[in-house]
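Okay, structure first, notes after.
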Amino acid sequence: MIKHLKRHKTLYSALLVLAGVGVVLYHYPPDVITEYIGIENSYLATFIIAAVGGLNSLTSGVFYAAVATFSSGGANPWLLGLVGGIGITIGDAIIFGLLAYGIKDIEASWKEKVETWRTRIEKYPTWVVYGGLFLLLGVTPIPNDIVMLALVLLGFKFIKVAPIILLAGINITTLTALLGQSLSSYIF
């Protein structure tokens, strides 16, 4: 049992954090949480959460919960969207850079698969590829680190996709904030 826990400590740590967030949100309504933190500090907290963990595989639930909580507690959803989008872009830039550095040597079998996907994507106009990227990052809850890995593998330059990542980050954060604000009257 201890061996199992040590091997999967990251997963159990993430589940513990999510459970803790769930317990706090269950016992304290959003307006109490936002009042405790302060509306001005909720923007800073959103930025820090987005830049540090944002929409990656393990912490996206915490980010969505925080944004929804802050907006339903009185924070401006449009400002939360802007601040969160900027934070997400910074976090994704860090992930992109780390992945670009770490994926220099990939196996030959992977190179063939990547080339197959690259040739498929190159058949589409640039605006279709970037539009699809915006929809993927800006509307769906897919973790951004997985998309960053695909972008690195496919040879995209961050400077070219950064505006799309920024707009998508602003969009998904604003949608989450507006949804949290509209649902707060039904839930609390």
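The values are calculated or read from the model by the stated rules, or taken from the named source; none is laboratory data. Being a predicted model, the structure only gives us computed values, none of them experimental. FYI the Cβ positions are ideal-geometry reconstructions off the backbone, even for glycines, and counts take in every protein chain you see.
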When you scan the stretch 114-148, how many residues do you find that are under 22 Å from GLY97 (Cβ atoms), out of contact with any Asp or Glu (no Cβ under 9 Å at 6 or more places or on another chain) and outside any loop (DSSP other than H, G, I, E, B)? 10
Search result, residues across the stretch 69-90 that are farther than 21 Å from VAL23 by Cα and among the β-branched types (Val, Ile, Thr): VAL83, ILE86, ILE88, THR89, ILE90
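Go through the residues of the stretch 94-109 one by one and say whether even a single one is part of a helix (DSSP H, G or I) and of a type in the set (D, E, K, R).
No, the stretch 94-109 contains no residue that is part of a helix (DSSP H, G or I) and of a type in the set (D, E, K, R).
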Filter result for GLY54 (surrounded by 19 or more Cβ atoms within 10 Å (Cβ to Cβ), modelled with pLDDT under 85 and part of a loop (DSSP other than H, G, I, E, B)): yes
Does ILE165 meet the test of being modelled with pLDDT under 90, closer than 19 Å to SER57 by Cβ and surrounded by 13 or more Cβ atoms within 10 Å (Cβ to Cβ)? no
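Has the stretch 149-156 got at least one residue that is among the aromatic types (Phe, Trp, Tyr), out of contact with any strand residue (DSSP E or B) (no Cβ under 6 Å at 6 or more places or on another chain) and part of a helix (DSSP H, G or I)?
No, the stretch 149-156 contains no residue that is among the aromatic types (Phe, Trp, Tyr), out of contact with any strand residue (DSSP E or B) (no Cβ under 6 Å at 6 or more places or on another chain) and part of a helix (DSSP H, G or I).
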In the stretch 60-81, how many residues are crowded, with 20+ Cβ neighbours inside 10 Å and either among the charged types (D, E, K, R) or outside any helix (DSSP H, G or I) (or both)? 2
From LEU175, LEU135, grab the single residue that is within 23 Å of ILE48 (Cα to Cα), at pLDDT 90 or above and of a type in the set (A, V, I, L, M). LEU175
